[in-house]
Amino acid sequence: MRKAFITTGLIFSVSVLFAQEPLDAIRYSWLTPQGTARAQAIGGAVSALGGDITALYTNPAGLGLYKTSELVLTPGFTFSNDKASYRGSTATDNKSSFNYGPMGVVWGIPSYKAGSKWKNVSIGLAISKTANFNNNTYVSGENNQSSYSEKYLDQLISGNATNPDDAALDYPYGASLGLNTYLLDPTYDSDNNLTGYASNASVATGLKQQQIINTKGGVSEFSIGVGANYNDVFYFGGSININTLKYIRNSSFRETDATNNADNDFNYFVADDYLRTDGTGASINIGIIIKPVDALRVGLNFHSPSWYSFKDTYYSSLTTDTENYEGEKSQSSLDLNDGYSGEYTYRYKTPMRLGAGLAYVFGSQADVSSQKGFITADVEYVSYKNNAFNTQDNTNQADKDYFTDLNNTIDDVFKSAVNFRLGGELKFETVMVRAGFGYYGNPYSNNYFGNEPGDITNASRMNISGGLGWRNKGMFVDLAYIHQIIKDAYYPYRLDEGVFNAAKLSNTVGNILLTVGFKF
């Protein structure tokens, strides 16, 4: 007979417990480039410009334009306002956090060999936060078509759960919690034979659904690179990048009976999920900048995929109130795992990136102090279909099959996108005025949100930026504000059968960056 609470540690479960999904891939790859306040103020369009420590993360050939050495610090502050539309209702939330851009040093080393066409070599190293996951999302709406609890039913069906007592143990991060708190019940025919499982959530009379998601963390990237100047015409560079990723997600999904009926065996449930992902990865960037004439610069760069090793730590809990049926019951996956969180390690690969840029500098090229400004533009190609997850345990065929299916899904629901960045600067002796724009294309194919009404597939990220700079006597200070407009969508839950809906996200993010540098 099924029990409400089971504390045995002898749990059977499949290896992939807190399953990855396509949106995990986009979270780690659909990123806007970070940089110094100067680079961000001009929209991040620095692939052909060079002469900024941001070149480590964009086009390392830009290091070759350094004639001197410099130390750079870039603290920042980020604040976001998030709006989510779900089943005709709109909810808002906000969050703020400290941030930072590149902090490091570049050494410019001139050539001391008389007559050499290799004019100088520059070495740079820096650390920067290249992704910021700090965010709050609040989703709310009414639903009379499906329940979040139906995903637990899908789990029982796909697992061929023919014994309710076993099922109360076998799915400690989902369906077992539903069975043990009486959100789910086994169903029987007149001969007491099991016919399946059913949810006690009152879908037919309507459900009020709410989800609160709090995320924290980011990606810190340490880069070391070298750039070289050949005859003041060709600039070559490369960098090695070590990434450290931390992503923490707390999700709370609540469903409440939309009626005032206190005797229909359902009042509410709250499903809480915790996930922490820690990872380390590595990649390389290479590039070239060409000056066919003094005023014009052409840049080309290649970013290899980042190869990550990830570890997930996770647990879940469920509280259900079935009124006069069994009242309020609570259970956690920790109860079913002798107090231990779940853990799983796996691998992930981001897509490669190809970029090109043009920059035109106004004023004397021989005398930097006489330059009057510049205009610069970048274009970048990214194939999000090339995101991929893989198991670290090559002996487990079930895991290998799971990731094969996941990668096939990624190939189906994502597509290639083109990103564009444009910026410029006007220079007034020691003071500079800057502005920029960036557009990051939709990574989703119609197969991902294709069954949803409305234009959900029109996802994009757009940056509008501006800033000021001051340079004098070996010191410089730059200030930038970047206003980011994000259109995106996600599914609060997905079902193998039945109706489920996407939440449209319309977010604005403000970033303030201050860069202070010293030349030596």
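The values are calculated or read from the model by the stated rules, or taken from the named source; none is laboratory data. The structure presented is a predicted model; accordingly, all values stated were derived computationally and were not measured. Cβ: placed from backbone, ideal geometry, glycine included. Neighbour counts: every protein chain shown.
Quick one: which of Ile11, Ile53 is modelled with pLDDT of 90 or more, more than 22 Å from Ile485 (Cβ to Cβ), hydrophobic (A, V, I, L, M, F, W, C) and touching a Pro at 6+ places or on another chain (Cβ under 6 Å)? Step through it out loud before you land on a result.
Numbers: Ile11 fails: modelled with pLDDT of 90 or more.
Just a single option satisfies the conditions, and that option is Ile53.
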Report task. Take Thr376 and decide whether it is part of a loop (DSSP other than H, G, I, E, B), among the hydroxyl-bearing types (Ser, Thr, Tyr) and farther than 24 Å from Arg276 by Cβ. Result -> no
Query raised in the report: Among the residues of the range 296-313, is there at least one that is more than 19 Å from Arg27 (Cα to Cα), at pLDDT below 95 and crowded, with 17+ Cβ neighbours inside 10 Å?
Result: no
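When you scan the range 44-63, do you find a residue that is part of a helix (DSSP H, G or I), small (Gly, Ala, Ser) and over 24 Å from the mean Cα position of the chain (by Cα), even just one?
yes
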Requested in this report: Can you work out which of the residues in the range 87-108 that are touching a residue at least 60 places away in the same chain (Cβ under 8 Å) and crowded, with 24+ Cβ neighbours inside 10 Å is farthest from Asn511 (Cα to Cα)?
Outcome: Pro102
**Report entry** Criterion violated by Ile410 - all others in (1) in a helix (DSSP H, G or I); (2) over 18 Å from the mean Cα position of the chain (by Cα) satisfied
**Finding:** (2)
Query raised in the report: From the list Lys400, Lys385, Lys372, which residue is surrounded by fewer than 17 Cβ atoms within 10 Å (Cβ to Cβ), modelled with pLDDT under 95, within 30 Å of Ala48 (Cβ to Cβ) and touching a strand residue (DSSP E or B) at 6+ places or on another chain (Cβ under 7 Å)?
Result: Lys372
**Report entry** Qualifying position, being surrounded by 15 or more Cβ atoms within 10 Å (Cβ to Cβ) and closer than 27 Å to Phe389 by Cα, among Ala228, Ala258, Ala271
**Finding:** Ala271
Query raised in the report: If you take the residues in the range 65-75 that are touching a Ser or Thr at 6+ places or on another chain (Cβ under 9 Å) and either in a loop (DSSP other than H, G, I, E, B) or modelled with pLDDT of 95 or more (or both), which one is farthest from Asn511 (Cα to Cα)?
Result: Lys67
**Report entry** Of all residues in the range 461-499 being under 26 Å from Val418 (Cα atoms) and of a type in the set (Ser, Thr, Tyr), the one that is surrounded by the most Cβ atoms within 10 Å (Cβ to Cβ)
**Finding:** Ser465
Requested in this report: Please give the number of the condition Ala502 fails out of (1) exposed (fewer than 15 other Cβ atoms within 10 Å of the Cβ); (2) touching a residue at least 24 places away in the same chain (Cβ under 8 Å); (3) over 23 Å from Val361 (Cα atoms); (4) over 17 Å from the mean Cα position of the chain (by Cα).
Outcome: (1)
